[in-house]
Amino acid sequence: DAGVTQSPTHLIKTRGQQVTLRCSPKSGHDTVSWYQQALGQGPQFIFQYYEEEERQRGNFPDRFSGHQFPNYSSELNVNALLLGDSALYLCASSLGGPLTNTGELFFGEGSRLTVL
Amino acid sequence: AQSVAQPEDQVNVAEGNPLTVKCTYSVSGNPYLFWYVQYPNRGLQFLLKYITGDNLVKGSYGFEAEFNKSQTSFHLKKPSALVSDSALYFCAVRDMNAGNMLTFGGGTRLMVKP
(Lines give C-alpha, C1' and ligand atoms only; values in the text may rest on other atoms or scores of the structure.)
Protein backbone atom coordinates (compact mmCIF):
# COMPACT_ATOMS: atom_id res chain seq x y z
CA ASP A 1 0.00 0.00 0.00
CA ALA A 2 1.66 3.18 -1.23
CA GLY A 3 1.82 5.97 1.27
CA VAL A 4 1.91 9.67 0.51
CA THR A 5 4.60 10.53 -2.01
CA GLN A 6 6.02 13.98 -2.69
CA SER A 7 8.38 15.39 -5.29
CA PRO A 8 10.92 16.80 -5.53
CA THR A 9 12.55 16.01 -2.18
CA HIS A 10 14.88 19.00 -2.31
CA LEU A 11 15.08 22.09 -4.48
CA ILE A 12 16.82 25.44 -4.52
CA LYS A 13 15.30 28.57 -6.02
CA THR A 14 16.14 32.25 -6.05
CA ARG A 15 13.98 35.13 -4.90
CA GLY A 16 11.23 36.03 -7.32
CA GLN A 17 11.08 32.62 -8.97
CA GLN A 18 8.14 30.28 -8.98
CA VAL A 19 8.01 26.70 -7.69
CA THR A 20 5.65 23.73 -8.10
CA LEU A 21 5.56 20.89 -5.61
CA ARG A 22 3.71 17.64 -6.23
CA CYS A 23 1.91 15.14 -4.04
CA SER A 24 0.23 11.79 -4.54
CA PRO A 25 -2.07 10.80 -1.67
CA LYS A 26 -2.17 7.49 0.09
CA SER A 27 -4.08 4.87 -1.86
CA GLY A 28 -7.81 5.26 -1.25
CA HIS A 29 -7.58 8.83 0.02
CA ASP A 30 -9.33 11.68 -1.75
CA THR A 31 -8.33 14.74 0.27
CA VAL A 32 -4.99 16.52 0.22
CA SER A 33 -3.76 19.15 2.65
CA TRP A 34 -0.56 21.15 2.46
CA TYR A 35 1.49 22.36 5.41
CA GLN A 36 4.55 24.57 5.70
CA GLN A 37 7.13 23.70 8.35
CA ALA A 38 9.75 26.36 8.88
CA LEU A 39 12.97 25.33 10.60
CA GLY A 40 12.43 24.72 14.30
CA GLN A 41 8.67 25.21 14.13
CA GLY A 42 5.55 23.13 13.91
CA PRO A 43 3.73 22.67 10.61
CA GLN A 44 1.31 25.41 9.58
CA PHE A 45 -1.77 24.72 7.49
CA ILE A 46 -1.74 26.24 4.00
CA PHE A 47 -4.87 24.81 2.37
CA GLN A 48 -6.86 21.68 1.66
CA TYR A 49 -8.21 20.27 -1.59
CA TYR A 50 -11.18 17.98 -1.94
CA GLU A 51 -13.18 17.19 -5.08
CA GLU A 52 -10.72 19.35 -7.04
CA GLU A 53 -11.63 22.48 -5.09
CA GLU A 54 -9.91 24.42 -2.33
CA ARG A 55 -12.03 23.77 0.77
CA GLN A 56 -10.11 25.41 3.59
CA ARG A 57 -7.28 27.90 3.66
CA GLY A 58 -4.90 28.99 6.35
CA ASN A 59 -3.30 32.39 6.78
CA PHE A 60 -1.15 32.38 3.66
CA PRO A 61 -1.03 34.99 0.87
CA ASP A 62 -2.45 34.27 -2.54
CA ARG A 63 1.09 33.73 -3.84
CA PHE A 64 0.37 30.24 -2.57
CA SER A 65 -2.02 28.38 -4.84
CA GLY A 66 -2.85 24.81 -5.56
CA HIS A 67 -4.64 22.33 -7.69
CA GLN A 68 -6.11 18.88 -7.33
CA PHE A 69 -6.42 16.51 -10.27
CA PRO A 70 -9.11 13.91 -10.95
CA ASN A 71 -6.78 11.16 -9.68
CA TYR A 72 -6.64 13.06 -6.34
CA SER A 73 -3.01 14.08 -6.71
CA SER A 74 -2.21 17.69 -5.96
CA GLU A 75 0.21 20.50 -6.70
CA LEU A 76 1.30 23.43 -4.57
CA ASN A 77 2.49 26.50 -6.44
CA VAL A 78 4.32 29.41 -4.90
CA ASN A 79 4.92 32.55 -6.95
CA ALA A 80 7.35 35.42 -6.38
CA LEU A 81 9.40 33.46 -3.88
CA LEU A 82 10.70 35.20 -0.77
CA LEU A 83 13.56 34.17 1.47
CA GLY A 84 10.97 33.45 4.16
CA ASP A 85 9.37 30.79 1.98
CA SER A 86 12.32 28.50 2.72
CA ALA A 87 10.79 25.56 4.57
CA LEU A 88 9.79 21.92 4.47
CA TYR A 89 6.49 21.59 2.62
CA LEU A 90 4.44 18.66 3.80
CA CYS A 91 1.56 17.04 2.01
CA ALA A 92 -1.00 15.11 4.02
CA SER A 93 -3.83 12.93 2.80
CA SER A 94 -7.11 11.84 4.32
CA LEU A 95 -10.51 10.57 3.30
CA GLY A 96 -13.80 12.38 2.97
CA GLY A 97 -12.99 16.07 2.82
CA PRO A 98 -13.29 18.75 5.49
CA LEU A 99 -16.40 17.32 7.15
CA THR A 100 -14.71 14.02 7.97
CA ASN A 101 -12.67 15.22 10.88
CA THR A 102 -12.07 12.34 13.27
CA GLY A 103 -9.41 10.63 11.22
CA GLU A 104 -5.69 11.16 11.32
CA LEU A 105 -3.73 12.69 8.48
CA PHE A 106 -1.05 10.69 6.71
CA PHE A 107 1.99 12.76 5.84
CA GLY A 108 4.58 12.49 3.11
CA GLU A 109 8.25 13.06 3.80
CA GLY A 110 8.13 16.56 2.43
CA SER A 111 9.80 18.79 -0.13
CA ARG A 112 12.55 20.96 1.28
CA LEU A 113 12.62 24.33 -0.47
CA THR A 114 15.56 26.67 -0.10
CA VAL A 115 15.19 30.19 -1.45
CA LEU A 116 18.43 32.11 -1.99
CA ALA B 1 -9.27 30.24 16.88
CA GLN B 2 -7.54 27.09 17.98
CA SER B 3 -4.03 26.87 19.42
CA VAL B 4 -1.60 24.40 20.95
CA ALA B 5 1.22 25.00 23.40
CA GLN B 6 4.11 22.68 24.05
CA PRO B 7 5.91 24.41 26.93
CA GLU B 8 9.14 22.41 26.74
CA ASP B 9 11.49 22.77 23.79
CA GLN B 10 13.38 19.69 24.94
CA VAL B 11 12.83 16.83 27.35
CA ASN B 12 15.75 14.71 28.54
CA VAL B 13 15.21 11.28 30.06
CA ALA B 14 17.32 8.23 30.78
CA GLU B 15 16.58 5.00 28.98
CA GLY B 16 14.17 2.86 30.97
CA ASN B 17 12.68 5.81 32.84
CA PRO B 18 9.15 7.07 32.26
CA LEU B 19 8.70 10.07 29.99
CA THR B 20 6.12 12.82 29.71
CA VAL B 21 5.82 15.39 26.93
CA LYS B 22 3.39 18.16 27.78
CA CYS B 23 0.69 19.72 25.63
CA THR B 24 -2.10 22.18 26.33
CA TYR B 25 -4.69 23.35 23.85
CA SER B 26 -7.38 25.92 23.21
CA VAL B 27 -10.42 25.47 20.98
CA SER B 28 -13.89 26.98 20.90
CA GLY B 29 -15.70 23.68 20.47
CA ASN B 30 -14.91 20.12 21.44
CA PRO B 31 -11.33 19.13 20.63
CA TYR B 32 -9.94 16.31 18.62
CA LEU B 33 -6.34 15.81 19.74
CA PHE B 34 -3.39 14.12 18.06
CA TRP B 35 0.27 13.32 18.65
CA TYR B 36 2.75 12.95 15.81
CA VAL B 37 6.45 12.10 15.82
CA GLN B 38 9.05 13.36 13.35
CA TYR B 39 12.43 11.74 12.83
CA PRO B 40 15.26 13.72 11.17
CA ASN B 41 14.56 14.64 7.55
CA ARG B 42 11.30 12.73 7.60
CA GLY B 43 7.61 13.56 7.52
CA LEU B 44 5.26 13.23 10.47
CA GLN B 45 4.12 9.83 11.73
CA PHE B 46 0.83 9.44 13.59
CA LEU B 47 1.11 8.13 17.16
CA LEU B 48 -2.35 8.42 18.68
CA LYS B 49 -5.54 10.44 18.86
CA TYR B 50 -8.32 11.38 21.23
CA ILE B 51 -11.76 11.82 19.72
CA THR B 52 -14.15 10.84 22.49
CA GLY B 53 -14.54 8.27 25.25
CA ASP B 54 -11.85 7.03 27.59
CA ASN B 55 -9.51 9.81 28.65
CA LEU B 56 -6.49 7.51 28.43
CA VAL B 57 -5.59 6.78 24.84
CA LYS B 58 -3.09 4.12 23.81
CA GLY B 59 -1.12 4.43 20.61
CA SER B 60 1.84 3.17 18.63
CA TYR B 61 5.21 2.08 20.06
CA GLY B 62 3.94 1.90 23.65
CA PHE B 63 2.95 5.55 23.86
CA GLU B 64 -0.20 6.74 25.57
CA ALA B 65 -1.78 10.11 26.28
CA GLU B 66 -4.18 11.40 28.88
CA PHE B 67 -6.92 13.85 27.96
CA ASN B 68 -7.80 16.26 30.77
CA LYS B 69 -10.68 18.54 29.84
CA SER B 70 -10.55 20.72 32.96
CA GLN B 71 -6.85 21.45 32.45
CA THR B 72 -7.15 21.50 28.63
CA SER B 73 -4.17 19.18 28.44
CA PHE B 74 -3.18 16.13 26.44
CA HIS B 75 0.19 14.97 27.74
CA LEU B 76 2.09 12.19 25.97
CA LYS B 77 3.53 9.45 28.17
CA LYS B 78 5.50 6.25 28.01
CA PRO B 79 6.30 4.03 30.99
CA SER B 80 9.82 3.10 29.85
CA ALA B 81 11.76 5.20 27.34
CA LEU B 82 13.98 3.77 24.62
CA VAL B 83 16.94 5.46 22.95
CA SER B 84 15.08 4.97 19.66
CA ASP B 85 12.25 7.19 20.98
CA SER B 86 14.55 10.20 20.54
CA ALA B 87 12.78 12.43 18.02
CA LEU B 88 10.66 15.56 17.64
CA TYR B 89 7.12 15.26 18.97
CA PHE B 90 4.19 17.42 17.91
CA CYS B 91 0.82 17.82 19.55
CA ALA B 92 -2.03 18.94 17.31
CA VAL B 93 -5.66 19.95 17.78
CA ARG B 94 -8.65 20.01 15.52
CA ASP B 95 -11.81 21.89 16.40
CA MET B 96 -14.68 19.55 15.56
CA ASN B 97 -16.61 22.52 14.18
CA ALA B 98 -13.83 23.85 11.97
CA GLY B 99 -13.22 21.29 9.26
CA ASN B 100 -10.28 18.98 9.51
CA MET B 101 -7.27 21.27 9.46
CA LEU B 102 -4.80 20.55 12.23
CA THR B 103 -3.16 23.22 14.35
CA PHE B 104 0.23 22.08 15.62
CA GLY B 105 2.30 23.06 18.60
CA GLY B 106 5.89 24.12 18.17
CA GLY B 107 7.25 20.67 18.96
CA THR B 108 9.26 19.10 21.78
CA ARG B 109 12.55 17.38 21.18
CA LEU B 110 12.83 14.19 23.23
CA MET B 111 16.35 13.02 24.01
CA VAL B 112 16.68 9.58 25.60
CA LYS B 113 20.15 8.90 26.96
CA PRO B 114 21.49 5.34 27.30
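For region B:1-53, the solvent-accessible area works out to 48 Å² per residue, with a probe of 1.4 Å and every protein chain left in place. Reducing region A:7-61 and region B:12-63 to their Cα centroids gives an inter-centroid distance of 23 Å. Annotation note: GluC sites (Glu not before Pro) in region B:13-101 located in DSSP loop regions with a Cβ neighbour count of at most 10 within 10 Å are absent.
Within the protein assembly as shown, what whole-number % of the accessible surface is contributed by carbon and sulfur, with the 1.4 Å probe and all protein chains included in the calculation? Walk me through the numbers before you get to the answer.
On the way: 5280 of 10670 Å².
Roughly 49 percent, rounded to a whole number.
What longest range of chain A stays clear of loop-exposed GluC sites (Glu not before Pro) (DSSP non-H/G/I/E/B, at most 15 other C-beta within 10 angstrom)? My reading of the result: A:53-116 is the longest stretch. When accessible surface is computed with a 1.4 Å probe, chains B and A are found to bury approximately 1800 Å² between them, both chains counted.
Work out which residues of region B:36-61 lose at minimum 50 square angstrom of accessible surface when the other protein chains are put back, relative to the chain isolated, with a 1.4 angstrom probe, and list them by number. So the qualifying set is B:LEU44.
The residues of region A:1-81 have, on average, 51 Å² of accessible surface per residue, using a 1.4 Å probe with all protein chains present. Rg then Dmax, both in Å and based on the Cα atoms of the protein assembly as shown: 17.5, 51.
GNM on chain A, alpha-carbon springs under 10 angstrom: the most fluctuating residue among A:PRO43, A:PRO70, A:PRO98 is A:PRO70. Springs between Cα atoms under 10 Å define the GNM used for chain B, and in it the highest mean-square fluctuation of B:SER26, B:SER70, B:SER84 occurs at B:SER70.
Semi-axes of the equivalent ellipsoid for region A:1-53, computed as √(5λ) from the eigenvalues of its C-alpha gyration tensor and ordered from largest down, come to 22, 14, 13 Å. Working note: Cα gyration tensor of region A:32-109, eigenvalues times five, square-rooted, sorted largest first, giving semi-axes of 21, 15, 11 Å. The reciprocal of the average 1/r between distinct C-alpha atoms defines the Kirkwood hydrodynamic radius, which for region B:10-114 equals 14.0 Å.
The values are calculated or read from the model by the stated rules, or taken from the named source; none is laboratory data. Remember, it's a predicted structure, so these values are computed and weren't measured experimentally. Every residue, glycine as well, gets a Cβ built from its backbone with ideal geometry; the counts of neighbours run over all protein chains shown. Ligands, DNA and RNA are stripped out before the accessible areas are found, and what is left, the full protein with its side chains, is counted by its heavy atoms. Shrake-Rupley method; radii C 1.70, N 1.55, O 1.52, S 1.80 Å.
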